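A quick write-up on the structure given underneath.
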Amino acid sequence: MSDMDFDLEKYLTGGVENIVKGAIKATLKNPKESAFMVQYAAASRKSSKRRAQLEDQGEHIPPFLIASITSSCNLHCAGCYARENHICCDEKPNDQLSADEWNSIFKEAKDLGVGFILLAGGEPMIRMDVLKKAAEIPEILFPVFTNGTLMNDNYLQLFDRSRNLVPIFSIEGDEKKTDERRGKGVYDRLIASMDKIRNNNLIFGASVTVTTSNLYEVVSDDFLSILQERGCKAIIYVEFVPVTEDSKELAPGDNEREFLKEKLMRLRECYPEMLFISFPGDEKSSGGCLAAGRGFFHINSHGGAEPCPFSPYSDINVRDTSVREALHSKLFNDLKNADLLIEDHAGGCVLFERKEQVEKLL
């Protein structure tokens with residue numbers, strides 16, 4: 001499969017279907033798991049059909065939504081984009097969206113045909129109340145991007161009851177690299193959480209922040225075999241976005257991006273039972289940046305509809321309007337009409353690179 005032939009949405013949809021089929025086969029002795037997988041496969045087809053109907057009517061609905069359900073976090077990771085930009089904090093702000101408000105967003109997204117809602121933060125597992133609301137919407141798959149340190153019996157029971165919630169554990173490579181970025185002892189807690197998930201016959205994935213320091217390790221067979229043996233079904237590689245001058249050397253350059261692109265093509269063939277996704281790398285092969293509603297958009301913890309988490313600008317709030325109207329916001333339309341999303345660029349996050357142009361649109 002060449003880079004030009006790669007279709008991210010088709011790959012993701014097909015990959016999830018393969019995971020579903022594999023899970024059904026692997027869990028024939030677990031009727032609850034099999035029943036959910038069969039139901040979700042049907043719901044996924046229904047979501048695709050709904051988006052196609054709206055597309056025929058001239059309205060594009062992205063298949064993905066990123067929801068930062070909290071700006072609170074219990075860790076202080078080195079080079080954290082959210083903390084450096086004062087998006088993330090230790091305390092829970094008073095004006096964050098309530099669980100009921102998130103529930104309304106999730107339900108409207110389902111009705112529009114959104115099939116995946118990525119729950120992020122901060123640390124999303126701080127918001128058990130919101131995750132419980134997400135659990136009540138089995139038609140949507142909710143990957144939960146977590147640092148893995150808050151896994152307890154209550155969460156294991158929630159994940160067991162609600163198979164549409166899939167933990168995605170953040171890991172930086174081996175113990176040394178993970179603890180260097182996330183704090184001493186985090187790696188051991190993370191591996192323990194993975195083992196708890198596996199021992200409960202649950203599905204999970206991993207998220208890796210790719211830097212010049214860990215790139216070659218996190219695509220190695222040694223690293224992948226550790227995750228595969230624990231039952232990992234998806235790995236999402238996210239390019240490091242520098243927020244300070246002294247961290248720019250950690251950001252992947254052209255050579256590193258080209259290496260990752262070629263490596264992912266091989267990994268997709270060698271590990272067909274696993275999903276491999278790269279952001280924003282896969283966006284270039286999907287016709288440009290997928291933000292601002294082309295493939296996904298972001299709702300922050302206060303309700304602001306943003307192009308993506310790395311472009312935290314908003315001119316509309318879902319508290320005052322609907323998800324559907326937010327998708328047609330002036331900022332989103334201006335970004336698409338100005339061709340900022342599809343212009344050729346060196347790689348990396350195009351909206352982050354052109355934040356001054358984005359700010360002018362506001």
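The values are calculated or read from the model by the stated rules, or taken from the named source; none is laboratory data. In this text the structure is predicted, and so the values were computed from the model without any measurement. Note that each Cβ is placed from the backbone with ideal geometry, even for glycine, and that neighbours are counted across all protein chains shown. For accessibility, only protein heavy atoms count, side chains too; no ligands or nucleic acids. Shrake-Rupley method; radii C 1.70, N 1.55, O 1.52, S 1.80 Å.
In segment 318-325, is there at least one residue being buried (at least 21 other Cβ atoms within 10 Å of the Cβ), at pLDDT below 85 and either assigned to a helix (DSSP H, G or I) or among the charged types (D, E, K, R) (or both)? So far as segment 318-325 goes, no, none of its residues is buried (at least 21 other Cβ atoms within 10 Å of the Cβ), at pLDDT below 85 and either assigned to a helix (DSSP H, G or I) or among the charged types (D, E, K, R) (or both). Restrict the check to segment 187-198 and report whether at least one residue is of a type in the set (S, T, N, Q) and either over 19 Å from Phe142 (Cβ atoms) or at pLDDT below 95 (or both). For segment 187-198, residues of a type in the set (S, T, N, Q) and either over 19 Å from Phe142 (Cβ atoms) or at pLDDT below 95 (or both): absent.
Counting just the residues of segment 180-212 that are open to solvent by less than 40 Å² (accessible area, probe 1.4 Å) and among the charged types (D, E, K, R), which one comes out farthest from Leu260 (Cα to Cα)?
Taking segment 180-212 first, the residues open to solvent by less than 40 Å² (accessible area, probe 1.4 Å) are 182-183, 185-187, 190-191, 193-195, 197, 202-211.
If we keep only those that are among the charged types (D, E, K, R) too, we end up with 182, 195.
Values: Arg182: 23, Asp195: 28 Å.
Among those that are open to solvent by less than 40 Å² (accessible area, probe 1.4 Å) and among the charged types (D, E, K, R), it is Asp195.
With the structure loaded, tell me whether Ser311 is at pLDDT 80 or above, under 19 Å from the mean Cα position of the chain (by Cα) and surrounded by 20 or more Cβ atoms within 10 Å (Cβ to Cβ) or whether it fails that test. The answer is no for Ser311.
Is it the case that Arg181 is closer than 30 Å to Ala42 by Cβ, among the basic types (Lys, Arg) and modelled with pLDDT under 95?
no
If you check Phe116, Phe142 for being out of contact with any Phe, Trp or Tyr (no Cβ under 6 Å at 6 or more places or on another chain), within 28 Å of Leu260 (Cβ to Cβ) and of a type in the set (Phe, Trp, Tyr), only one passes: Phe142.
Which one is modelled with the lowest pLDDT among residues in segment 35-69 that are assigned to a helix (DSSP H, G or I), in contact with a Ser or Thr (Cβ under 8 Å, 6 or more places away or on another chain) and crowded, with 17+ Cβ neighbours inside 10 Å? Result: Met37. Please determine whether any residue of segment 103-117 is modelled with pLDDT under 95 and open to solvent by 30 Å² or more (accessible area, probe 1.4 Å). No: zero hits. Screening Leu156, Leu224, Leu215, Leu150 for residues that are in contact (Cβ under 8 Å) with a residue 24 or more places away in the chain, under 26 Å from Ile69 (Cα atoms), open to solvent by less than 30 Å² (accessible area, probe 1.4 Å) and under 21 Å from the mean Cα position of the chain (by Cα) leaves exactly one candidate, Leu156. Taking residues in segment 80-109 that are among the polar types (S, T, N, Q) and in a helix (DSSP H, G or I), and partners anywhere that are open to solvent by 40 Å² or more (accessible area, probe 1.4 Å) and modelled with pLDDT of 75 or more, the pairs with Cβ atoms closer than 6 Å and at least 6 places apart or on different chains are Asn103/Lys133.
Is it fair to say Val208 is among the aliphatic types (A, V, I, L, M) and touching a Lys or Arg at 6+ places or on another chain (Cβ under 9 Å)? So Val208 fails the test.
What about Arg198, is it out of contact with any strand residue (DSSP E or B) (no Cβ under 9 Å at 6 or more places or on another chain), closer than 30 Å to Arg161 by Cα and basic (Lys, Arg)? Against the criterion (out of contact with any strand residue (DSSP E or B) (no Cβ under 9 Å at 6 or more places or on another chain), closer than 30 Å to Arg161 by Cα and basic (Lys, Arg)), Arg198 does not qualify.
The criterion of being assigned to a loop (DSSP other than H, G, I, E, B), open to solvent by 70 Å² or more (accessible area, probe 1.4 Å), at pLDDT below 90 and within 24 Å of Pro307 (Cβ to Cβ) does not hold for His76.
When residues in segment 137-147 are screened for being surrounded by 23 or more Cβ atoms within 10 Å (Cβ to Cβ) and assigned to a loop (DSSP other than H, G, I, E, B), 1 of them pass.
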